[in-house]
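Heads up: the structure comes next, in structure tokens.
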Amino acid sequence: MAELMKGLKRTHRCAEITAENAGQTVTVMGWVQKNRNKGGLVFVDVRDRSGVIQVVFEEGKSDAALIEKAAKLRAEFVVAVVGEVAKRSGAVNEHLTTGEIEIIPKELRILAESETPPFPVEENVKTKEEIRLKYRYLDLRRPDMQRNLMMRSKAATLIRQFLANEGFLEIETPILIGSTPEGARDYLVPSRIHQGHFYALPQSPQLFKQLLMCSGCDRYFQLAKCFRDEDLRADRQPEFTQIDMELSFVDVDDVIDVNERLLKELFSKVLDVEVPLPIPRMTWQEAMDRYGSDKPDIRFGMELTDVTEVVRGSEFAVFKGAIENGGTVRGINAKGQGAMPRKKIDKLVSFAKDYGAKGLAYLAVQEDGTVKSSFTKFMTEDETKKLMEAMGAESGDLLLFAADKNKVVWAVLGALRLELAKQMELLDKDEYKFLWVTEFPLLEWSDEENRFMAMHHPFTMPMEEDLEFIDSDPGRVRAKAYDIVLNGNEIGGGSVRIFDPEIQSKMFEVLGFTPEQAKEQFGFLLTAFKYGVPPHAGLAYGLDRIIMLMAKADSIRDVIAFPKIKDASDLMTEAPTTVDAKQLEELGLEIAAKE
């Protein structure tokens, strides 16, 4: 039966005790990690969030009743131990911070008993993630998960301190807002008082932070909860946390400067990793041409090479057709992979097809200099030689080519480059390579909508020198937008905002909004802009994604206390759930039965 605290006070967390405490009486409280009964000698490992300490119940040092009580302890019992700290009588455990000491107990209280847990509460457990998430409160007791949560807490505290010191005000923005159909799908909340009307949960605080700049707040930030009703991946959740900020009277370089210093401080103080400043910058166009991605992983090379002009005039139908249709031919050189078996190459072809490729042309240079290829029989010897020279091919190299519209070629080779890097073990999780990607296209064409869409959002400022093309060639206009990329992950993005009402009206017009539609959706912002709006810009990071990379976790689920799974459900609380008829009636809602 569980015992009460009865005024007992904890003096130390388990791993806060050191050899300097030898001879002192301490009180620790935590969970039983292990209990090893050697008959008259019982070793109990007690664990809390700081770590583990060994408690030794031994004949001659502890009374018989205490040893008998200790022998009954099982994993995950909650205990309080009062005892004296002593140097270990046995071998020192170098794997534990408390490995040279132990506690000789005078008192043991069982504060709570535990059933046998469904999986071992220990580091790097191999239990299926579904089980871990169902019993998340047990999963979070594990040392690696505790470290992740502590890292997240430390990072959040540092971010707050840094931004406060830089003159930012922490201001909360509303969670119940109006729906804006542009962008991802909103989560909707029905109103009981205004039946038939709905709030939306914010996908970001974008409009409110711009209004705060109109309000003269000058510099704003918050660690904001955001919500998107979209299909999930390892690094996506329906609810996530943004480090959100906005600054007045600034341009691109000002936003980049404060954020580079923030990242340097964060990685230095949390990981003891030095981020060299300035962080390199690359335009969107250069990133796509060199890496096939607007979030390139620059920890390794294997860059794309445009060989369109080299193979122009070739009779190989795939290359010829792509060029005639206005596309390009590009390739990557997988150094030292020339001996890759055909089966493995065929798997790469299938992989490329998942990204829109019709196929993949390959050329393997053998160690003796001979060539194995899927297409060189359609080319002259001279054409093949020039192609290999353009690709920097040497003995033992594997050349892979995609030919199609640029969008497809970039997607295929960008993904293939990363897949090969994984296979070739080129990705070092201990290396942190940052990159700013700048000058994104302002707009991108949507075949589905048959119109231009904002690549970021409708409030992004075009580059001044491109404004002349906004009517004649909208796809050519670049944005004053910037993303911060870490190891091939976009960890944050932002832009300079439009503050000129004429440019904002033109942007809505290009996006296909009538003045009435623009007023209906964004009227309050447009009205605010009539009363003197400062030039302003901002940026938002995905906090979950940054911590995932810092913790070297495989998924953001490992750095969020209570995450959802891929279908946006919660295995522990079983949310979302049905609600009773009375609640629906109050909201004026009815569930339509599916056919």
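The values are calculated or read from the model by the stated rules, or taken from the named source; none is laboratory data. Since we're looking at a predicted model, the values are computed, not measured. Counting neighbours? That spans all protein chains shown, and the Cβs are built from the backbone with ideal geometry, glycine included. We work out accessible area using only protein heavy atoms, side chains counted, and drop any ligands, DNA or RNA first. Shrake-Rupley method; radii C 1.70, N 1.55, O 1.52, S 1.80 Å.
Does the stretch 368-384 include one or more residues that are open to solvent by less than 10 Å² (accessible area, probe 1.4 Å) and within 26 Å of residue 285 (Cβ to Cβ)? Lay out the reasoning, then the answer.
Taking the stretch 368-384 as the starting set, the residues that turn out to be open to solvent by less than 10 Å² (accessible area, probe 1.4 Å) are 375.
Restricting the remaining residues to those that are within 26 Å of residue 285 (Cβ to Cβ) gives none.
So far as the stretch 368-384 goes, no, none of its residues is open to solvent by less than 10 Å² (accessible area, probe 1.4 Å) and within 26 Å of residue 285 (Cβ to Cβ).
Taking the stretch 250-274, which residues are assigned to a helix (DSSP H, G or I), touching a helix residue (DSSP H, G or I) at 6+ places or on another chain (Cβ under 7 Å) and farther than 20 Å from residue 224 by Cβ?
We begin by selecting, within the stretch 250-274, every residue assigned to a helix (DSSP H, G or I); these are 252-271.
From what is left, the residues that are touching a helix residue (DSSP H, G or I) at 6+ places or on another chain (Cβ under 7 Å) are 262, 265-266, 269-271.
Answer for the stretch 250-274, where residues must be assigned to a helix (DSSP H, G or I), touching a helix residue (DSSP H, G or I) at 6+ places or on another chain (Cβ under 7 Å) and farther than 20 Å from residue 224 by Cβ: 265, 269, 270, 271.
Take residue 568 and tell me if it is assigned to a loop (DSSP other than H, G, I, E, B), touching a residue at least 24 places away in the same chain (Cβ under 8 Å) and within 21 Å of residue 202 (Cβ to Cβ). Judged against the criteria, residue 568 is a match. Apart from one condition, residue 189 fits all of (1) touching a helix residue (DSSP H, G or I) at 6+ places or on another chain (Cβ under 8 Å); (2) open to solvent by less than 70 Å² (accessible area, probe 1.4 Å); (3) of a type outside the set (Gly, Ala, Ser); the exception is (1).
Taking first residues from the stretch 254-273 that are under 16 Å from residue 482 (Cα atoms) and partners that are crowded, with 16+ Cβ neighbours inside 10 Å and small (Gly, Ala, Ser), the Cβ contacts under 6 Å between residues at least 6 apart in sequence or on separate chains come to 255/537.
The criterion of being assigned to a helix (DSSP H, G or I), of a type in the set (A, V, I, L, M, F, W, C) and open to solvent by less than 30 Å² (accessible area, probe 1.4 Å) does not hold for residue 247. Going through the stretch 68-98 one residue at a time, which ones are within 18 Å of residue 49 (Cβ to Cβ) and among the polar types (S, T, N, Q)? Scanning the stretch 68-98 gives 97, 98.
Give the residues of the stretch 338-369 that are in a strand (DSSP E or B) and hydroxyl-bearing (Ser, Thr, Tyr), sorted by residue number. Let's see the steps before the verdict.
From the stretch 338-369, those in a strand (DSSP E or B) are 361-365; that's our starting set.
Within the stretch 338-369, 362 is the sole residue that qualifies.
Do the conditions hold for residue 286, that is, is it in a helix (DSSP H, G or I), open to solvent by 20 Å² or more (accessible area, probe 1.4 Å), closer than 30 Å to residue 257 by Cα and charged (D, E, K, R)? Walk me through it before giving the result.
Values: in a helix (DSSP H, G or I): yes; open to solvent by 20 Å² or more (accessible area, probe 1.4 Å): yes; closer than 30 Å to residue 257 by Cα: yes; charged (D, E, K, R): yes.
Yes, satisfied.
So is residue 110 out of contact with any helix residue (DSSP H, G or I) (no Cβ under 6 Å at 6 or more places or on another chain), within 22 Å of residue 25 (Cα to Cα) and assigned to a strand (DSSP E or B) or not?
Working: out of contact with any helix residue (DSSP H, G or I) (no Cβ under 6 Å at 6 or more places or on another chain): yes; within 22 Å of residue 25 (Cα to Cα): yes; assigned to a strand (DSSP E or B): yes.
Taking the combined requirement at face value, the residue satisfies it.
Looking at 508, 522, 513, 499, just one residue is without any contact (Cβ under 8 Å) to a residue 60 or more places away in the chain, under 34 Å from the mean Cα position of the chain (by Cα) and open to solvent by less than 20 Å² (accessible area, probe 1.4 Å), and that residue is 508.
For the stretch 525-550, the tally of residues that are in contact with a Ser or Thr (Cβ under 6 Å, 6 or more places away or on another chain) and free of Cβ contacts under 8 Å to residues at least 24 places away in the same chain stands at 0. Is the stretch 165-175 home to any residue that is more than 30 Å from residue 532 (Cβ to Cβ), modelled with pLDDT of 95 or more, out of contact with any Gly (no Cβ under 7 Å at 6 or more places or on another chain) and surrounded by fewer than 14 Cβ atoms within 10 Å (Cβ to Cβ)? No, there is no match, as no residue in the stretch 165-175 is more than 30 Å from residue 532 (Cβ to Cβ), modelled with pLDDT of 95 or more, out of contact with any Gly (no Cβ under 7 Å at 6 or more places or on another chain) and surrounded by fewer than 14 Cβ atoms within 10 Å (Cβ to Cβ). The residues in the stretch 391-429 that are touching a residue at least 40 places away in the same chain (Cβ under 8 Å), within 24 Å of residue 273 (Cβ to Cβ) and open to solvent by 50 Å² or more (accessible area, probe 1.4 Å) can be counted, and the count is 5. When the stretch 455-470 is filtered for residues that are open to solvent by 20 Å² or more (accessible area, probe 1.4 Å) and touching a residue at least 24 places away in the same chain (Cβ under 8 Å), the ones remaining, listed by number, are 455, 456, 457, 463, 467.
Just one of the listed residues (299, 330) is in a strand (DSSP E or B), surrounded by 14 or more Cβ atoms within 10 Å (Cβ to Cβ), in contact (Cβ under 8 Å) with a residue 60 or more places away in the chain and of a type in the set (Lys, Arg), namely 330.
Given the structure, is residue 294 of a type outside the set (S, T, N, Q), touching a residue at least 60 places away in the same chain (Cβ under 8 Å), part of a strand (DSSP E or B) and crowded, with 16+ Cβ neighbours inside 10 Å?
Working: of a type outside the set (S, T, N, Q): yes; touching a residue at least 60 places away in the same chain (Cβ under 8 Å): yes; part of a strand (DSSP E or B): no; crowded, with 16+ Cβ neighbours inside 10 Å: yes.
Considered against the rule, which asks whether it is of a type outside the set (S, T, N, Q), touching a residue at least 60 places away in the same chain (Cβ under 8 Å), part of a strand (DSSP E or B) and crowded, with 16+ Cβ neighbours inside 10 Å, residue 294 comes out as no.
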